[in-house]
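One structure below.
Coordinate-derived values only; no laboratory data. A quick note: this is a predicted structure, and the numbers were derived from the prediction, not measured. Cβ placement follows ideal geometry from the backbone for every residue including glycine, while neighbour counts extend to all protein chains displayed.
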Amino acid sequence: MKTHNNTQNTTRRFESVRELLTRPEDKAVRDQFDALTAQTRLVQELTLMRTRAGLSQAQLAAKMGCTQGRISKIESSLDADLTIGIVQAYARATFSDMKIWFLKPSKQVARSGARGTLVSKKPHTPMRAPKKTGLKATASARKSAKTAAKRRVVSV
Amino acid sequence: MRWSLQTTERWETDKEWYVKKRPAELAAVLRNLDRYMQMLEAAPNPMTVSGGFLHPESMGILAVDQKGGGSNLQQTRLYVFAEPETRTLHLLTIGDKASQSKDIQFCQRTVKNLRNKEAR
């Protein structure tokens, strides 16, 4: 059990929670903190949508037609436990537009394996520029095809 | 102005103990603290922020728990006190069920001192 010999208030200031874990001996905690953060990005985004709308869990539950306990459970779950239906319901209740983005993982993210749930597991097959048929593809059409291959957006 | 964190010496001591003895609990509680910080930034009124991992105590003290950090974790509470005027979140102490009443007493004394300092 923890003990205290001195309870004087010498204080230090930090700009973020992660800054509390910068020493080498904090590495184990830092790694677990980062893993938890990566597993709850979407859940946290839902919580922030509710907070920005100024709603309590009970108020959101009333809008979504479920219990406050259900909202509490959703907001303490992992991204992997969410369904598209839950995300849609949050978006509707907080008057938010919903878009799902599939992005190619950056090299650093791909190496660490910490993709989160917003990024697809397999990289996409790049979309090819239009084949030369009778019509000539303009430079801007080729550019937009390449951009679309890199970033695909699905509106729900 | 963004919210920042201010620690007490007791928090620093407790954190050391948790880093060595209960790193998983500490990571889970800090993840929830990070979520709370983001909610403070996003909320139209920071004092109305609510969540399943937040437990209001007396004198405006809030306990952040380890929920969502996985199963088989010891019940852990990180006690914080928010000052919206200076956008400061004071990290008071961290403990478990066994130390709960002593922790809350310490938090109440600390918050009283903070308020007295403010009044002067």
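Just a few scattered comments:
- For region B:12-43 and region A:22-100, distance of Cα centres in Å: 17 Å
- Peptides ranked, highest mean first, by Cβ atoms within 10 Å: ranges A:96-102, B:89-95, A:64-70: B:89-95, A:64-70, A:96-102
- Neighbourhood charge, 15 Å Cβ-Cβ cut-off, centred on B:Arg2 and excluding it, Lys, Arg +1 and Asp, Glu -1: -3
- Shielding value for A:32-44 is 4, the average number of Cβ atoms from other chains within 10 Å of each residue's Cβ.
- FRET E, pair A:Phe14, B:Met47, Förster distance 30 Å, beta-carbon r, rounded to 0.05: 0.90
- For the residues of B:89-98, the average number of beta carbons from a partner chain within 10 Å of their own beta carbon is 2.
- Average other protein chain Cβ within 10 Å of Cβ, residues B:103-110: 1
- When the pairs A:Lys73/A:Lys107; A:Lys104/B:Lys21; B:Lys20/B:Lys97; B:Lys21/B:Lys67; A:Lys27/A:Lys107 are compared against a 28 Å limit on Cα-Cα distance, A:Lys73/A:Lys107; A:Lys104/B:Lys21 fall above it.
- Ranked by the mean number of other Cβ atoms within 10 Å of their residues, highest first, the peptides A:77-89, B:55-67, A:21-33 fall in the order B:55-67, A:21-33, A:77-89.
- Peptides ranked, highest mean first, by Cβ atoms within 10 Å: ranges B:109-117, B:1-9: B:1-9, B:109-117
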